[in-house]
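Every number in this text was worked out from the coordinates using simple rules, so none of it is lab data. Please read all numbers here as calculations on a predicted model, not as lab measurements. Methodologically, a virtual Cβ is constructed for each residue, glycine included, from the backbone with ideal geometry; neighbour enumeration extends over all protein chains shown.
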Amino acid sequence: IRDFKADDPFPNLVPDFALHSAGAYVVGTRCTVAYNGQASVVELFGFPVLAFSRSPTTALEPDTNLGECWAFQGFPGHLIVRLAVPARVSSVTIDHAAREVSYNASMSSAPRNFSVYGLESSYTAFTEAVILGSFVYNADTGPASQTFHLNSTTERYWEYVELVVESNHGNEMYTCLYRFRVHGLA
Amino acid sequence: IRDFKADDPFPNLVPDFALHSAGAYVVGTRCTVAYNGQASVVELFGFPVLAFSRSPTTALEPDTNLGECWAFQGFPGHLIVRLAVPARVSSVTIDHAAREVSYNASMSSAPRNFSVYGLESSYTAFTEAVILGSFVYNADTGPASQTFHLNSTTERYWEYVELVVESNHGNEMYTCLYRFRVHGLA
Amino acid sequence: IRDFKADDPFPNLVPDFALHSAGAYVVGTRCTVAYNGQASVVELFGFPVLAFSRSPTTALEPDTNLGECWAFQGFPGHLIVRLAVPARVSSVTIDHAAREVSYNASMSSAPRNFSVYGLESSYTAFTEAVILGSFVYNADTGPASQTFHLNSTTERYWEYVELVVESNHGNEMYTCLYRFRVHGLA
């Protein structure tokens with residue numbers, strides 16, 4: 001079984017245990033408030049954006065075209081995923097739409113500080129979650145897909161993994177999570 | 001903010017203000033008649049094709065696999081798009097399925113002559129539309145994705161852009177528009 | 001009209017007459033039993049997989065992300081396809097998810113021995129089907145997409161093609177067909 005290598009630049013060539021088509025799904029978002037893109041909300045130069053809201057499941061799907069994200073308001077944002085199969089977690093990937101295709105060359109809605117936790121069950125309180133690592137998504141100089149490695153692969157198999165986004169890159173209205181992947185050993 | 005460069009061969013790496021997932025949508029097609037692929041219509045060697053009809057929104061989505069197009073009859077064909085955010089328009093891209101994957105090596109259903117207009121509102125009459133440029137999609141020797149540059153980036157921000165397809169490459173039954181993109185500055 | 005070449009490594013650049021978006025569709029699967037992924041079925045280390053069942057049409061669509069397959073039980077598995085347009089068949093392609101993205105580095109659910117038939121009509125009994133070729137999908141050392149060439153391009157045009165999967169690479173519960181393509185001349 002092949003694990004993700006620290007110098008491997010191709011997250012598309014390793015298993016993603018959070019992939020929706022393979023059986024992973026979102027079991028909860030705790031108190032996270034979805035951003036629903038109402039007409040009264042101003043997006044760019046006073047122009048109201050009417051894009052419809054997408055479900056958090058969007059973050060477990062490969063499509064990262066502009067707008068194909070789960071948008072939420074405030075911090076922290078929680079995403080609890082039941083993995084397709086339990087895994088010893090070694091790394092995670094956060095994807096965002098590329099800066100080149102954004103309308104104002106901005107990555108302001110991208111996650112910045114985030115942490116990853118393992119959960120005993122889908123009912124585990126956040127205070128009981130086991131932290132696996134804390135990271136920073138580098139929207140300024142990094143690529144659209146960034147992989148973050150735990151200090152070591154977890155010894156135990158986790159069936160539930162929780163992503164907690166603690167800040168973004170400056171957008172005061174919402175954070176957009178395009179994709180969250182979980183790598184490791186089955 | 002990065003604008004599309006005349007020698008840039010990669011329309012996938014610049015913003016597309018007509019992208020559906022980002023919030024753009026079709027507000028009208030004027031009197032354009034959709035081609036509905038009825039069983040009585042002969043497609044190839046007397047064989048009736050029963051493919052179902054797709055909505056014009058298909059032309060604002062990335063998928064250009066064979067058949068993933070908006071088919072319409074006669075000329076001109078109109079597609080009025082409300083951009084995801086208003087933009088100073090600098091260029092547009094027309095995509096068609098590659099000749100290599102077509103069943104008879106034909107690009108006959110591809111647009112040929114077309115023009116692009118800016119509209120004041122979604123109710124603007126065609127006679128009031130402001131022409132931004134007229135172009136020819138080269139299906140004979142060009143690539144599947146072709147980008148066309150205006151003489152200069154428009155000074156004003158357009159919220160609505162209209163594509164008018166005036167001819168195709170010989171198909172007498174329908175024209176297939178796989179994708180229409182609008183580039184510029186937000 | 002360009003036919004598939006024996007040394008051409010790019011099945012994405014030749015026509016696929018079994019492509020769903022182009023008008024091909026599944027007309028039947030004979031007595032093949034779909035695998036419905038019930039909770040009582042053990043998938044990996046005693047962990048029940050609850051992924052929902054996909055229709056056989058999935059095998060005529062480009063997406064080969066993990067799980068994007070038609071799963072069936074037992075052998076043989078039959079898939080009868082009405083081609084988008086009748087074709088003189090020259091080769092077929094079987095796609096499976098890449099070993100690198102599977103959770104246990106296994107290709108056990110991939111087809112192994114299979115045969116391809118031409119049918120007079122959608123009602124043709126299997127005993128009346130005309131065999132076009134028998135092949136082996138090499139999951140051990142081959143790529144995820146494998147193209148198989150008939151001894152010669154069929155002289156007649158086939159409107160219906162039947163894939164018969166006779167064995168897989170060891171999975172005792174189900175076989176997963178990610179994609180089936182048919183190449184040739186229109």
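Given Cβ point charges of +1 (Lys, Arg) and -1 (Asp, Glu) and nothing else, what value in debye, to the nearest 20, does the dipole of chain C about its Cα centre take? With only Lys, Arg, Asp and Glu charged at Cβ, the dipole is about 140 debye. In nanometres and ascending order, the distances from the residue B:73 label point to those of the other copies are 4.9, 4.9 (point 7 Å from Cα along Cα→Cβ). Starting from the label point of residue C:156 at 7 Å along Cα→Cβ, the same points in the other copies fall at 6.4, 6.5 nm, in ascending order. If only the Cβ of Lys and Arg carry +1 and only the Cβ of Asp and Glu carry -1, the dipole of the protein assembly as shown around its Cα centre is close to 240 debye.
Computed over chain A with a Gaussian network model linking Cα atoms closer than 10 Å, the most mobile of A:171, A:151, A:113 is A:151. Counting Lys and Arg as +1 and Asp and Glu as -1 over every other residue whose Cβ lies under 12 Å from the Cβ of residue A:72, the net charge comes to +2. Between copies, the label points at residue B:121 (set 7 angstrom from Cα along Cα-to-Cβ) are spaced 5.9, 5.9 nm, reported in nanometres from shortest to longest. Contact order for chain C, expressed relative to its length and based on alpha carbon pairs under 8 Å spaced 6+ residues apart, stands at 33 percent. Compactness check for the stretch B:20-185: Cα Rg over 2.2 N^0.38 Å is 1.01.
Scanning chain A for cysteines with no neighbouring cysteine C-beta under 4.7 angstrom from their C-beta gives A:31. Give me the net charge for the shell around residue A:31: Cβ to Cβ below 15 angstrom, other residues only, Lys and Arg +1, Asp and Glu -1. Net charge around residue A:31: -1.
The dipole here belongs to the stretch C:119-186: it is taken about the Cα centre, uses +1 on the Cβ of Lys and Arg and -1 on the Cβ of Asp and Glu, and is about 260 debye. Distances over 47 Å make up what percent of all Cα-Cα pairs in the protein assembly as shown? When all Cα pairs of the protein assembly as shown are counted, 16 percent exceed 47 Å.
Label point of residue C:121 set 7 angstrom out along Cα-Cβ; within the stretch C:62-91, amide nitrogens under 17 Å from it belong to C:81-83. Within a Cβ distance under 9 Å of residue B:178, other residues only, what is the Lys/Arg minus Asp/Glu net charge? Combined, the nearby Lys, Arg, Asp and Glu give -2.
Specify which residue in the list C:164, C:117, C:137 is farthest towards the positive end of the charge dipole of the stretch C:97-166, using unit charges on the beta carbon of Lys, Arg (+1) and Asp, Glu (-1), about the Cα centre. Final value for the positive-end residue is C:137. Here the chain C residue lying nearest the rotation axis onto A, judged by its C-beta and given with the distance in whole angstrom, is C:63, 6. Across peptide A:67-78, the average count of Cβ atoms from other chains found within 10 Å of a residue's Cβ is 1.
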